[in-house]
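Taking it in order: structure first as structure tokens, then the write-up.
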Amino acid sequence: MKKILIVDDQPDVKKLLVIILQAKDRLLLCADSGEEAIVLARAEKPDVILLDVMMPGGMDGYQVAKILKGDPRTRDCVVVVMTAKVQEQDRQAAFEAGADDYIGKPFDMRDLQKKVDDALS
């Protein structure tokens, strides 16, 4: 069973991603904050983490990616940063934080599915 962790504070985005990505061989997990994402990722060791950048609370997606990629328990998880911040410096910041891939919001559903499928294969 492949595990996908969806980290986004917007319920509608999470719901849409669950609908798009669900399959019989996948377990979809959701987190609302960076702190919750770190706890879940360490416990579940997902294959892919879809990580929003702008979230409420004290931790943004860049900080979460840095922590996850620096932790031996989660460094092998594929982190795909999702953000409405689509300037080149935002893309560079995502990769500098350790992201494996990047997708701008609003995202093309087929592109997102392909990124997830590629990461899982």
Would you point out which residue out of Ala84, Ala93, Ala65, Ala99 is closer than 20 Å to Asp117 by Cβ and either modelled with pLDDT under 95 or in contact with a helix residue (DSSP H, G or I) (Cβ under 9 Å, 6 or more places away or on another chain) (or both)?
-> Ala99
Among helices (runs of 4 or more DSSP H) entirely within the range 1-103, at least 3 residues that are free of Cβ contacts under 8 Å to residues at least 12 places away in the same chain and not acidic (Asp, Glu) occur in 11-21, 88-96
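A quick yes/no check of all residues on (1) over 22 Å from Asp12 (Cβ atoms); (2) surrounded by 13 or more Cβ atoms within 10 Å (Cβ to Cβ); (3) among the aromatic types (Phe, Trp, Tyr); (4) in contact with a Pro (Cβ under 8 Å, 6 or more places away or on another chain):
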site	(1), (2), (3), (4)
Leu29	no, yes, no, yes
Glu36	no, yes, no, no
Ile49	no, yes, no, no
Thr74	yes, yes, no, no
Val80	no, yes, no, no
Val86	no, no, no, no
Ala99	yes, yes, no, no
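The values are calculated or read from the model by the stated rules, or taken from the named source; none is laboratory data. This one's a predicted model, so the numbers in the text were calculated from it and none came from an experiment. A quick note on method: Cβ atoms are made from the backbone with ideal geometry, for glycine too, and the neighbour counts reach across all protein chains shown.
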